[in-house]
């Protein structure tokens, strides 16, 4: 049996979680084969037996090498093998820890809101619910109630009813895609489409490349499906082609997941020439692109990667940002082979997307209401970006006039965790950069501030003013980091 001692450490920060650090030492003397395989096997056995639990932090490479009288290179290979099996993961600031195979391994990175009525949550990038969406959906529900709803109450095709796929193709054509309804799958939102795409393209242990700062939902999906996300360095124009090229050569990835339009969290819109370079690299290395275009309708001038390379791109979108997130209705478009595998994943997971919701989405698209809802959200984002620029004037942040959020860089001596916790205690939720970070590269001291969720401009103004006041203060009153 492996030998270890567990030490509990309280980490103060965005969520005050408890980290369990262990001096785990594997029992490898009786295990056959190479030492790095024996270490990985011992790790798997201790996890299976419950001696190591999700979140437990493992010894550093150097410490374990010293205890076992092995080279640091052997420990590095052992940890790499364990990571390939989906047993462990590593994060800057946390070290190497045991993954939770059923969910996001690290403790939640979003702050827990206080139970106060005046708390303003700017940590979630949701559209406003105060626009015309409610009246639009109510009207279409009334019309559906007066029609023959029997076809919507039974089992349908896993891929979706033909009329619903045709509406999806119509929605995608507005982004310039030559969308074929036969190659559209109706999904339960964009995040569901992301999971279906990963499941269709990858097997446990495969590598998926992502932006070094990316939508945190892909981290949860990768963890659940046992794939390895590798973060790729970025600049102000998005993914760096040289970094992508190097990662393709080193890791032989199966897919690249990217948000080239209004990148989340940085708000970047990737220029056309950069998009062409990314496509060329992926094509040369046989990497399938998973393009998340959930914000694409707010920048119709941008050219989707799927337009440049339809044969190697899986295109994802939804009505969550344009109409309402509660609809949970999205579309996945790809090659015949991708659609077949994605449809098989739908059949295994949910059998089908709820036809009633897909019917509402179809009517929203065909009536033009989805476009009207998108126009409302665009006007709201523009108004609130101006408000943010006025209140946070003098501080460094990235934004775009039609983006739903801003990316605020912390001025010295503030750090992202201290600022996030202080803001939470003052009644404002923000999302720290480490919630979006993938890989071992340094994580910037920055936070994402969502602007469109509060129902009233006055609530946003009050919250942003609170953040401005915090930035003017010294962080000495914040909880210390250990």
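A few comments on the model shown:
Every residue, every condition in (1) farther than 30 Å from residue 153 by Cα; (2) buried (at least 21 other Cβ atoms within 10 Å of the Cβ); (3) modelled with pLDDT of 95 or more, yes or no:
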{"residue": "359", "(1), (2), (3)": "no, yes, yes"}
{"residue": "362", "(1), (2), (3)": "no, yes, yes"}
{"residue": "366", "(1), (2), (3)": "no, no, yes"}
{"residue": "379", "(1), (2), (3)": "yes, no, yes"}
{"residue": "386", "(1), (2), (3)": "yes, no, yes"}
{"residue": "391", "(1), (2), (3)": "yes, no, yes"}
{"residue": "399", "(1), (2), (3)": "yes, no, yes"}
{"residue": "412", "(1), (2), (3)": "yes, no, no"}
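- Helices (runs of 4 or more DSSP H) enclosed by the stretch 138-251 - at least 2 residues per element that are surrounded by fewer than 20 Cβ atoms within 10 Å (Cβ to Cβ) and touching a residue at least 12 places away in the same chain (Cβ under 8 Å): 150-153, 162-173, 217-225, 241-251
- Within the option set 418, 359, 379, 412, being more than 25 Å from residue 452 (Cβ to Cβ) and without any contact (Cβ under 8 Å) to a residue 12 or more places away in the chain holds for one residue only, 412.
- The stretch 266-314: number of residues that are more than 25 Å from residue 201 (Cα to Cα) and in contact (Cβ under 8 Å) with a residue 12 or more places away in the chain: 11
- Any chance residue 374 is assigned to a helix (DSSP H, G or I), crowded, with 23+ Cβ neighbours inside 10 Å and touching a helix residue (DSSP H, G or I) at 6+ places or on another chain (Cβ under 9 Å): no
- Residue, modelled with the lowest pLDDT, within the stretch 466-478, restricted to residues that are part of a helix (DSSP H, G or I) and surrounded by 13 or more Cβ atoms within 10 Å (Cβ to Cβ): 475
- The stretch 338-370: number of residues that are part of a helix (DSSP H, G or I) and more than 25 Å from the chain's Cα centre (by Cα): 11
- Residue count for the stretch 314-337, restricted to those that are more than 18 Å from the chain's Cα centre (by Cα) and crowded, with 19+ Cβ neighbours inside 10 Å: 6
- Single residue of 37, 47 found to be at pLDDT 80 or above, crowded, with 17+ Cβ neighbours inside 10 Å, assigned to a helix (DSSP H, G or I) and over 26 Å from the mean Cα position of the chain (by Cα): 47
- Among the residues of the stretch 434-462, those that are buried (at least 17 other Cβ atoms within 10 Å of the Cβ), within 14 Å of residue 125 (Cα to Cα) and in contact (Cβ under 8 Å) with a residue 60 or more places away in the chain comprise 435, 436, 448, 449, 450, 451, 452, 453, 454, 460.
The values are calculated or read from the model by the stated rules, or taken from the named source; none is laboratory data. A quick note: this is a predicted structure, and the numbers were derived from the prediction, not measured. Note that each Cβ is placed from the backbone with ideal geometry, even for glycine, and that neighbours are counted across all protein chains shown.
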